[in-house]
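The values are calculated or read from the model by the stated rules, or taken from the named source; none is laboratory data. Predicted model, so just to flag it, every value in this text is computed and none were measured. Cβ placement follows ideal geometry from the backbone for every residue including glycine, while neighbour counts extend to all protein chains displayed. Heavy atoms of the whole protein, side chains included, go into the accessibility calculation; ligands, DNA and RNA do not. Shrake-Rupley method; radii C 1.70, N 1.55, O 1.52, S 1.80 Å.
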Amino acid sequence: MQDSNPEEDCRVSLSKENSLMQKHFEYIVIGSGIAGLFAALEATKYGSVIVLTKGSIQDTNTLLAQGGIAAAIGKDDSPEIHMQDTIDAGAGLSDREAVNVLTSEGPSRINDLIKMGVSFDEINGRIALALEGAHARPRVLHAGGDATGAHMELTLAHLAQTSNIDVLEYALVTSIKVESGRAVGVEVLDSQSYVKTQFTGSNVILATGGAGQLFKSTTNPLVATGDGVALGFNAGAELTGMEFYQFHPTALFLPGIRPFLISEAVRGEGARLVNRKGDFFMHRYHEKLDLAPRDVVSRAIINEMSESNSEYVFLDLSLINKSTRMSRFPTIYQVCMDYGIDITKDMIPIAPAAHYMMGGVRTNLWGQTTIPGLYACGEVSSTGVHGANRLASNSLLETVVFARRVIENSTRPLSANTFLEKTKQAIQLRPPEASDNKINFTKELVQELMMDNVGIIKNGTDLMKAADRLSSILKSCIEPNNRSSHELSNMTLVGWLMAEASLIRKESRGAHFRSDYPKISSNWAENIILRKSDVD
Ligand code: SIN
């Protein structure tokens, strides 16, 4: 899947859209993945809506989602069982109420998606449900086999483009305008013409997705640069869970190519991990073997790789019927085939890759951030659902459940709103100011720093080194003026926040593993909340 190049691609952009006379919208939605589009489509019932997206409308992480969307719709399943699995995966930091909202409202949102035109795969006239790691029941709905995200994104993008929503592509939001403590609009840069403009809005919704591009190796597309976290933090919103970043255990590893996700659903169907000596190894790490929680599987793979001095291990599909491999995983089959790997015969070389940001802009159960008028939903948000480790395929569900809640809340009279108060315990951080003491840096340098020091296995010394280096780079991010310099500045800020949060948490829990504090500790059974110090 190609990412669009703003310099080459020439569709609707702000410069041409100066014909867009309207500058005030009831809803400003930033991001066009499933979270943004679901919120936007819901919001059209209540007022004018603009979707701002820095690439093309489909240039999103959603498009690449494979495995699917988890929901307790199976005969022997229930929201309570789904809730328990989610809480177990969250390693003590999930918010029970948020998880209850997710799992109990999930089935209704699945119905909404079906009504919108998403057609999930079926077996014998019933929706097919797959098993993924740490789920007690098969409950993962999928579409087009392993093309679930693409089906959702294209369906919702088509609806948005044929509705009365204004969709502005190549429009990079560079800041959230806050007046008298309330979000009132956004500043926007056209990523092709560099024209700047402003929009005002009654409700500003961050739905910018994740930050996989912070790391050298990621399953995420080029657009995933943590912009929404940087926007929220700079506007004064609180963040939480920034030390928890999930690596997906199985991304296709071939020298010189961008990692490509090999869905957990492949292991759900029976694939097993094999080291370079040809030995299955997961029995040495966890009772759930290849379907153990993702952090356990990723660390096990890193350990096996280091023992055999190799950059990858293999995924062995021999227990999966050959025709099922092709029919159930057509995208994986085709991509592997393009690289000369025939999954009906060959094992797949894989290595872990950065995949999902559990932390983000802190919200309540209605997607409200600590800035009235500013909402967040999807990967950019931290609703409390995922805790220290996300259960596979819960993220697409979270986007739709909380996107709908955002809009529902926005329709209430202000007097009926329960705002998310700022926390007294928030740790206030002051990012270094830009200075004349510039150093040379590149995106690749930031990605390497993050991968080597703030990745799957961290320690205090490396984290300190990364935080210092990222801090020096931040000082050199002087007045970004185009899409790539804004993205690099956002990546550096978000990387620095991840390194700082990881330094603060002196234990190992879920996806946060520190070799100098390898055990979980009851002293750290709280969320770490961060806020920019120069904002009241
Ligand atoms: C996958 O298909 O393994 C990814 C699903 C997810 O990350 O939730």
Heavy-atom accessible area per residue of the range 106-155, all protein chains kept, 1.4 Å probe, expressed in Å², is 39
Rounded to whole angstrom, the alpha-carbon centroid of the range 185-242 lies from that of the range 44-112 at a distance of 21
Ranking T44, T418 from most to least accessible area with a 1.4 Å probe gives T418, T44
With C336 itself left out, Lys, Arg at +1 and Asp, Glu at -1 over residues whose Cβ is under 9 Å from its Cβ give -3
For the range 358-440, the charge dipole (Cβ of Lys, Arg +1; Cβ of Asp, Glu -1; about the Cα centre) points to a positive end, and the Cα of G378, S393, G367 closest to that extreme belongs to G367
Calculated from DSSP helices alone, with each H run of at least 4 adding -39500 (n - 2.57) and the total divided by the residues of the chain, [θ]222 nm to the nearest 500 comes to -10000 deg cm²/dmol
Answer in debye to the nearest 20: the dipole magnitude of the chain about its Cα centre, from +1 Lys/Arg and -1 Asp/Glu charges placed on Cβ, is 540
Taking H512, H24 and ranking on accessible area (1.4 Å, protein atoms only), highest first, one gets H24, H512
Once all protein chains are kept in place, M451 shows an accessible area at probe 1.4 Å, nearest 10 Å², of 50
The value for the chain (convex hull of the alpha-carbon atoms, volume per residue, Å³) is 143
Residue separation between Q84 and D338 times 0.36 nm, minus their alpha-carbon distance, gives in nm 87.4 nm
Quick shape check on the range 152-252: root eigenvalues a ≥ b ≥ c of the Cα gyration tensor, a/c under 1.5 is rounded, otherwise prolate if a/b tops b/c, else oblate, and it reads oblate
With DSSP loop assignment and no more than 12 other C-beta atoms within 10 Å, the trypsin sites (Lys or Arg not before Pro) in the range 131-203 are none
Once the dipole of the range 44-118 is set up from charges on Cβ (+1 Lys and Arg, -1 Asp and Glu), the residue from the list N100, V51, I87 lying farthest towards its positive end is V51
Taking the dipole of the range 455-533 about the Cα centre (Lys, Arg +1; Asp, Glu -1; charges at Cβ), the one of S522, G455, A467 that reaches farthest to the positive side is S522
Rounded to two decimals, the Rg over Rh value of the range 122-190 from Cα coordinates and the Kirkwood Rh reads 1.21
Excluding residues fewer than 8 positions from K422 in its own chain, the lysines with Cα under 21 Å of it are K177, K532
Distance in Å, no decimals, from the C-alpha centre of the range 374-423 to the one of the range 506-536 is 22
Result for the range 188-283: accessible area per residue, probe 1.4 angstrom, in square angstrom, of 27
So the carbon and sulfur contribution to the accessible area of the chain, 1.4 Å probe, in percent, is 49
As straight-line cross-link partners of K45, the qualifying lysines (C-alpha separation under 23 Å, not fewer than 8 residues apart within one chain) are K23, K115
Expected field for D95, accessible surface area in Å² at 1.4 Å probe radius, rounded to 10, holds 60
Relative contact order in percent for the chain (Cα pairs under 8 Å, 6+ apart) equals 20
Too long for a 24 Å Cα-Cα cut-off, among K277/K465; K438/K506; K54/K216, are K277/K465; K438/K506
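Placing +1 at every Lys and Arg Cβ and -1 at every Asp and Glu Cβ, with all other atoms neutral, what dipole size does the range 438-482 have around its Cα centre, in debye to the nearest 20?
100
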With +1 at each Lys and Arg Cβ and -1 at each Asp and Glu Cβ, the charge dipole magnitude of the range 451-532 around its Cα centre, to the nearest 20 debye, comes out at 140
Cross-link reach from K322 to aspartates and glutamates, straight Cα distance under 15 Å and at least 8 residues apart if same chain, gives E269, D342, D346
